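The values are calculated or read from the model by the stated rules, or taken from the named source; none is laboratory data. Predicted model, so just to flag it, every value in this text is computed and none were measured. Glycine gets a Cβ as well: all are built from the backbone with ideal geometry, and neighbour counts include every protein chain shown. Calculation scope for accessible area: heavy atoms of the full protein, side chains included, ligands and nucleic acids excluded. Shrake-Rupley method; radii C 1.70, N 1.55, O 1.52, S 1.80 Å.
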Amino acid sequence: MAKYALVTGVLGGIGSVISRKLKENGYYVYGLDVRDDFDYKCDRFILFDINQFVSDSSYRIKFTEIFNNLIPNLNLLVNNAAVQRLGSLEHLKIDDWNETLNVNLTGPLLLSKLFLKRLEQSKGSIINIGSIHERLTKKEFVSYATSKSALVGLTRAMAVDLEGRVRVNAVSPAAIETKMLLEGFDNNEEKVKELEAIHPVQRIGYPEDVAKLVLFLASENNGFIHGANLSLDGGISSVLKDL
């Protein structure tokens, strides 16, 4: 029996590997992304702006109809897309704050609501991709950390609200080797090595690590993991770093 998955942010470093891993394990994957670089890692790509879906009612009506026509069945929704707008409190722009919450929090809520009946019919699940920033953060991550904390809260709340209808879980990775992370370190190999060294496992994570955990949660069927936030951090959240 065919299995169907929808992955948001499918062209990103993590989303593309999640999509590939699901395809390798028998899923037909619909992929959404706000950009289009024609390097698809999914079976059906849909150009889609989550921020606009949240903020523009006409766009939301349009894409609700598109999704209803294109995606009649769904076993798995992976809310992976995210934006990261950095800025300290005094310099925080309200537009950046709103976009962050729209994409990282309200978008997953609306997509979960839209596909709920289809996921319920398939005994499927929702997996939200959180972040270590939901509980351990640093300067200038006010918008991002808040959105990821709220996403984990949403995961728990939906799990309680939906009871046994659809399983809902979150995966919260720490540093994952993506283009975005490496650019944040100016592609400086020495800085990346320092980052690796402070992880007890002595490396940062790979997108494959996230994808394997997503596949495990999705494959659990009528399992007992529900409302969980699984930390994927190489042990770094246990480290007390002294000066």
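For every residue, the table says whether it meets (1) in contact with a His (Cβ under 9 Å, 6 or more places away or on another chain); (2) open to solvent by 30 Å² or more (accessible area, probe 1.4 Å); (3) among the hydroxyl-bearing types (Ser, Thr, Tyr).
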site	(1), (2), (3)
Trp97	no, yes, no
Thr100	no, no, yes
Val103	no, no, no
Lys113	no, yes, no
Leu119	no, no, no
Ile127	no, no, no
Leu136	no, yes, no
Glu140	yes, yes, no
Tyr144	yes, no, yes
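To keep it simple, each residue is scored yes or no on (1) under 21 Å from Gly26 (Cα atoms); (2) touching a strand residue (DSSP E or B) at 6+ places or on another chain (Cβ under 6 Å); (3) not hydroxyl-bearing (Ser, Thr, Tyr).
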residue: Ile127; (1), (2), (3): yes, yes, yes
residue: Asp161; (1), (2), (3): no, no, yes
residue: Arg165; (1), (2), (3): no, no, yes
residue: Phe216; (1), (2), (3): yes, no, yes
Would you check if Leu47 is open to solvent by 10 Å² or more (accessible area, probe 1.4 Å) and within 20 Å of the chain's Cα centre (by Cα)?
yes
Is it true that some residue in the range 64-76 is of a type in the set (D, E, K, R), open to solvent by 50 Å² or more (accessible area, probe 1.4 Å) and under 16 Å from Thr8 (Cα atoms)?
no
Consider only pairs whose beta carbons are under 9 Å apart and that are at least six residues apart or on different chains; among these, list those whose first residue lies in the range 72-93 and is touching a residue at least 12 places away in the same chain (Cβ under 8 Å) and more than 30 Å from Ala5 (Cβ to Cβ) and whose second residue is outside any loop (DSSP other than H, G, I, E, B) and among the charged types (D, E, K, R).
Leu86/Asp96; Gly87/Asp96
Check Lys193, Lys212 and return the single one that is of a type outside the set (Val, Ile, Thr), farther than 22 Å from Leu22 by Cα and open to solvent by 90 Å² or more (accessible area, probe 1.4 Å).
Lys193
